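To keep things clear, I will list the structure first and then write my remarks on it.
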Number of protein chains: 4
Amino acid sequence: MERKTLITESPDAKGLIAKITNICYKHQLNIIHNNEFVDHASLRFFMRTELEGYFNDETFLADLNDALPDASSSKLISSERKRIVIMVTKEAHCLGDILMKAYDGALDVEIAAVVGNYDTLASLTEKFDIPYHTVSHESLEREEHEAKIVEIVKQYEPDYVVLAKYMRVLTPNFVKQFPHKIINIHHSFLPAFIGAKPYQQAFDRGVKIIGATAHFVTDDLDEGPIIHQQVIPVDHNFSAKDLAHAGRDVEKAVLTKALSAVLEDKVFVNGNRTVVL
Amino acid sequence: MERKTLITESPDAKGLIAKITNICYKHQLNIIHNNEFVDHASLRFFMRTELEGYFNDETFLADLNDALPDASSSKLISSERKRIVIMVTKEAHCLGDILMKAYDGALDVEIAAVVGNYDTLASLTEKFDIPYHTVSHESLEREEHEAKIVEIVKQYEPDYVVLAKYMRVLTPNFVKQFPHKIINIHHSFLPAFIGAKPYQQAFDRGVKIIGATAHFVTDDLDEGPIIHQQVIPVDHNFSAKDLAHAGRDVEKAVLTKALSAVLEDKVFVNGNRTVVL
Amino acid sequence: MERKTLITESPDAKGLIAKITNICYKHQLNIIHNNEFVDHASLRFFMRTELEGYFNDETFLADLNDALPDASSSKLISSERKRIVIMVTKEAHCLGDILMKAYDGALDVEIAAVVGNYDTLASLTEKFDIPYHTVSHESLEREEHEAKIVEIVKQYEPDYVVLAKYMRVLTPNFVKQFPHKIINIHHSFLPAFIGAKPYQQAFDRGVKIIGATAHFVTDDLDEGPIIHQQVIPVDHNFSAKDLAHAGRDVEKAVLTKALSAVLEDKVFVNGNRTVVL
Amino acid sequence: MERKTLITESPDAKGLIAKITNICYKHQLNIIHNNEFVDHASLRFFMRTELEGYFNDETFLADLNDALPDASSSKLISSERKRIVIMVTKEAHCLGDILMKAYDGALDVEIAAVVGNYDTLASLTEKFDIPYHTVSHESLEREEHEAKIVEIVKQYEPDYVVLAKYMRVLTPNFVKQFPHKIINIHHSFLPAFIGAKPYQQAFDRGVKIIGATAHFVTDDLDEGPIIHQQVIPVDHNFSAKDLAHAGRDVEKAVLTKALSAVLEDKVFVNGNRTVVL
């Protein structure tokens, strides 16, 4: 017996759950866990079903294809460990958290490689026997720099690219090579404090809470669909530097939580929003 | 078109979701929201489905009855406002919160009456034009006292009885008249600090968090299935009295949140645990 | 023996705590609780000291005045219950929460009156035997309308004016009559979603957390010093309407928490930020 | 100029803050941050003052000694990095978190060594160039085993011993060698679910929240003064195993937060409670 996850997106229609679960039943697949959601605004239907049994992927998906509306799509995902490439600049906390959680089993993922525009984090990465590539952006045009990174990233055929405090803006050209496959951690509770120095902005505004946002990257770095957000309370004792320090804990917590949901195929993109089942 | 909620409990079996959603489809009922849960330990299946359409309750339930295993049960619940009777002693905060939320629409419920063993909360209750019954326990045997309360409560035919800081222990005889229909707020994060003076106990132990627990009442007051729990951080500045004061906010938040879930038919009893769909 | 709270603001200087506590000691006043904060950016010093003993306010403050730098200020505040006037429009939840908490003792405050631009909340207010004034804005210029409100508010001589979902923008002229005395609840986690329809904005952006902000009102309604903020997690199941509904709980929690801190003289204005001791 | 932290404990008396801050002023020491607390139950006074200036420790402490009551004690602690020894069994998550946070600077500490009763975590420890000592308990009496550990730990002269999921009960004899110097993480929200298998107990009771507790170790492993506690919400979807898995994140967060407070000299033991300034 195997376990697989069925992912379905479709225009909403009557009887979708019945049709899908009928086909699971017909194939003698046991439903371990099931979630679905209808967006009554966009009339889109999303369903995630963990199945157990003996799978014939081809006939199963063909049956679904016959039963569901034309514009729908279904994927059957095996429970193999997914592969990521992590991109970093100089800060260790997000990378360190992913490395440690992959090591101790809290995060079920294969870290294929880490790519940094500085070599600062090479020695940390290599402690865990993971290849580190330094691709300096110095004296390179942005396009050249990105082309070098793309070349390296692609050779690892990652399921996802994780920006773990990669501090350079990516061009649309880079982004479109990994559509909905790039996850970024933004160091603010978006949409507040978009842009540079969010902790200084938070200090200046005197907020009593700071947060972080994990999102898919689209053409505009801070505007992609939000996967997860988390906050912590702060007070007048926090300088801008203290805010940044405290923010690190939230940043890594948010990024690994979002990554975990993505790796378990729980995150659907729904326009500029996400559905997390 | 109407909206109703279908509630199903059953021994687990293959194809249950398919069978139930097929019947919904056959009856041309649209699934607005659906949740289900299989307890893989007890092999029990729980499902809650919000439906929209034109209902023929009798044939719909008959179809379900035919399709589902023998020991299963299904209920189709209309969206009519439910009726509660609240029991109190002297503290105003939980009663006050329910009164206000029922008044401003945050809680969709009809408060049929309030019964107290003191008259302390009569004037608060009557501000909202709700009948208040004082049933003093003084000079009465426990059984006599409870019999008087039962008589009053029953005449209102409540869907649920809410113990909003009713500070007397109920006998099994009282409880069995309202099986899984009595909701209590316990002023501690159960199972810690069971029994009297939980805030003094919390102070003595020097805990850094206090909480409250809403649960169904079974024969043993503090041991019924937990519906909801919530906590707040505290510190060395809190005296036992401060803890009690701070605890009130959590108590009322937990009670109204639990009550809200129960009123929306989201809470299933699963042995001594609950499933909240 | 009496209890009073000493509030001191001063440019920072060496020995301030020693000077202030020396004078308390000299006057045989016992320090029950003490907090102070130095803003190392603005070099401002803030101190809040709860004292117990026999007070001679005049000589005590004169001693402080002699000892502290020229630009400092000290106030000795008796523990008398403070008086507020609440301004509302149509939504009941924030007003209801303050009424109930004042009633049950959770909030130690005298609600002198409620002023609304509609009469929607008159009956709720009057349940608690508090005068309600309807001052309709219809067919009035903004200045005329505000002048009528100011006249009513001032006759109650409130310590603070609380905007409990008062949905009209106040003019600088109104604001300057109650400097740092007006507390507003804004229905978003400022600075995100400034302006109208924050819940629709939050929905459109697909955020996973919503919040509310209590702040002092300055000339610009949403830009005054923040007193308190709180958030709740939300997800894809929340429509814009659900967000608004869920937001009400946060709004009232934030407003009463901020109000409570202000009433206990814990909140200092520090430029556009607050210090909450 | 140097920074040091003054730690004072004393029976409560009038004028203590004045006396202490006077002496700071006399020595031309600037108060950067100050907190104090009086336990009105035990009549104990606790104060923590961050000072900046040119220190003459001897005369400063002598002045304090003269000014303060007999039974008081003062310590002046330099800002040197403190040293810890970590004790573990097999689980990596707490050790990993401390290693990573010491590496990336989030935790300002020197990890002198790790001691485990298995060699499971040797390779993780050694990635960070920290010595790992395996002291197997097999075929040893408890006292012999502990004696071996004590010998190793003592040679590193640690400021604190951190039990990062060390799963063996320590004898009073061990504990008394490091009075108030041993910090343990207990995998439950104490005092609920004391003892073995707390997550199975939590599952059986059907709680909706789980937590973890960091505390100083006294003679009874689960009964020492609590330093910090934290919780996370759980629901019916969590098996006992899922609870344990989710609990790991709380355990490490609680342990590192408690450790951080202890390392900054913020934690005072007050009977069986703590004061965290």
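The values are calculated or read from the model by the stated rules, or taken from the named source; none is laboratory data. The shown structure was predicted, so the numbers you read here are calculated from the model rather than taken from an experiment. Cβ: placed from backbone, ideal geometry, glycine included. Neighbour counts: every protein chain shown. These area figures cover heavy atoms from the full protein model, side chains too; ligands, DNA and RNA do not enter into them. Shrake-Rupley method; radii C 1.70, N 1.55, O 1.52, S 1.80 Å.
Select from the range A:25-110 those GluC sites (Glu not before Pro) which occupy a DSSP coil region and have at most 15 other Cβ atoms within 10 Å, ordered by residue number.
Filter output for the range A:25-110: A:GLU80.
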- Message: Need one value for C:88-98: mean number of C-beta atoms belonging to other chains within 10 Å of its residues' C-beta atoms.
- Response: 3
- Find which of B:GLY211, B:SER72, B:MET87 sits farthest along the positive direction of the dipole of chain B, computed with +1 on the beta-carbon of Lys and Arg, -1 on that of Asp and Glu, about the Cα centre. B:GLY211
- Gyration tensor verdict on chain A (Cα atoms; rounded if a/c is under 1.5, prolate if a/b is larger than b/c, oblate otherwise): prolate
- Query: Per-residue mean of other chain beta-carbon atoms within 10 angstrom of the beta-carbon, peptide A:222-230?
  - Reply: 3
- Using a 1.4 angstrom probe with every protein chain in place, what is the largest-first accessible-area order of C:THR5, D:THR59? D:THR59, C:THR5
- Query: Going from most exposed to least, what order do D:ASP57, D:ASP204 have by accessible area with a 1.4 Å probe?
  - Reply: D:ASP204, D:ASP57
- Query: Do you know which residues of the range D:161-199 lose at least 30 square angstrom of accessible area in the protein assembly compared with their chain on its own, with a 1.4 angstrom probe?
  - Reply: D:PHE189, D:PRO191, D:ALA192
- Query: Can you list, shortest first in nanometers, how far B:SER123 lies from the same residue in the other copies, with each label 7 Å from Cα toward Cβ?
  - Reply: 2.2, 7.4, 7.4
- Task: Using a 1.4 Å probe and ignoring any ligands, DNA or RNA, find the accessible area of A:TYR156 and quote it in Å² to the nearest 10.
- Result: 50 Å²
- What are the ³J(HN,Hα) values, in whole Hz, obtained from phi via the Karplus relation 6.51 cos²θ - 1.76 cosθ + 1.60 with θ = phi - 60°, for each residue of the range D:68-78 in sequence order, with x given for Gly and Pro? 8, x, 3, 7, 8, 9, 10, 10, 10, 10, 6
- Message: Quick check on my link table: of C:LYS266/D:LYS101; B:LYS90/C:LYS154; C:LYS257/D:LYS208; A:LYS75/A:LYS154; B:LYS197/D:LYS19; A:LYS165/A:LYS208, which ones sit more than 29 Å apart, alpha carbon to alpha carbon?
- Response: C:LYS266/D:LYS101; B:LYS90/C:LYS154; B:LYS197/D:LYS19
- Amide H contacts of C:THR134 (H built 1.01 Å from N, under 5 Å, at least 5 apart or other chain): C:GLY116
- Under a 1.4 Å probe, counting only protein heavy atoms, D:LEU43 has an accessible area in Å², nearest 10, of 100 Å²
- Calculate, for C:ALA240 and D:ALA67, the FRET efficiency according to 1/(1 + (r/R0)^6) with r their C-beta to C-beta distance and R0 60 Å; round to the nearest 0.05. 0.45
- Note on the structure: With a 1.4 angstrom probe the carbon and sulfur portion of accessible area for the range B:1-102, in percent, totals 45 percent
- Query: To the nearest 10 Å², what's C:VAL153's accessible area with a 1.4 Å probe?
  - Reply: 0 Å²
- Compute the Cα gyration tensor for the protein assembly as shown, then decide on rounded, prolate or oblate, letting a ≥ b ≥ c be the square roots of its eigenvalues: rounded whenever a/c is under 1.5, prolate when a/b is larger than b/c in the other cases, and oblate in all that remain. rounded
- Query: Relative to the Cα centre, what is the charge dipole magnitude of the range C:82-276, using +1 at the beta carbon of each Lys and Arg, -1 at the beta carbon of each Asp and Glu, and rounding to the nearest 20 debye?
  - Reply: 420 debye
- Have a look at C:HIS27, C:HIS93, C:HIS236 and tell me which one the Gaussian network model of chain C (Cα, springs below 10 Å) gives the largest fluctuation. C:HIS236
- Item | Point-charge dipole on Cβ atoms (K/R +1, D/E -1) for the range A:57-175, about Cα centre, debye to 20 | 500 debye
- Residue-normalised value, i.e. accessible area per residue, for chain A at 1.4 Å probe, in Å², stands at 40 Å²
- Message: Between B:ARG44, B:ARG83, B:ARG248, where does the largest GNM mean-square fluctuation fall for chain B, given springs only between Cα atoms within less than 10 Å?
- Response: B:ARG44
- Task: Give, ordered by residue number, each residue of the range B:30-63 whose 1.4 Å probe accessible area is reduced by a minimum of 50 Å² on adding the remaining protein chains to the chain alone.
- Result: B:GLU36, B:PHE37
- the range D:120-205 - percent of accessible surface contributed by carbon and sulfur, probe 1.4 Å: 51 percent
- Message: Taking a point 7 Å out from Cα toward Cβ as the label site, list the nm distances between A:TYR54 and the same residue in every other copy, smallest first.
- Response: 4.6, 8.8, 9.6
- Task: Would you look at the GNM of chain C, springs on alpha carbons closer than 10 Å, and say which of C:PRO198, C:PRO179, C:PRO158 moves the most?
- Result: C:PRO179
- Task: Calculate the mean, over all residues of peptide A:207-213, of how many other protein chain Cβ atoms lie within 10 angstrom of the residue's Cβ.
- Result: 6
- For C:GLU151, inter-copy label distances in nm, listed shortest first [label point 7 Å out on the Cα-Cβ vector]: 5.9, 8.0, 9.2
- Message: How would the range A:162-221 be classified by its alpha-carbon gyration tensor: rounded, prolate or oblate, with rounded meaning a/c under 1.5 and the a/b versus b/c comparison settling the rest?
- Response: prolate
- Note on the structure: The correct pairing of chain D residue and whole-Å distance, for the Cβ nearest the axis that maps D onto B, is D:ALA192, 2
- Query: Which value, in square angstrom to the nearest 100, describes the accessible area buried between chains A and D on both sides, using a 1.4 angstrom probe?
  - Reply: 1600 Å²
- Quick one: ranking C:LEU61, A:LEU259 by accessible area, 1.4 Å probe, largest first, what do you get? C:LEU61, A:LEU259
- Here the percent of antiparallel bridges among DSSP beta bridges lying wholly in chain B, to the nearest 5, is 70 percent
- Rounded to the nearest 20 Debye, what is the dipole magnitude of the protein assembly as shown about its Cα centre when Lys and Arg each give +1 and Asp and Glu each give -1 at the C-beta? 0 debye
- Task: In whole angstrom, note down how far apart the Cα centers of the range C:1-29 and the range A:7-70 are.
- Result: 70 Å
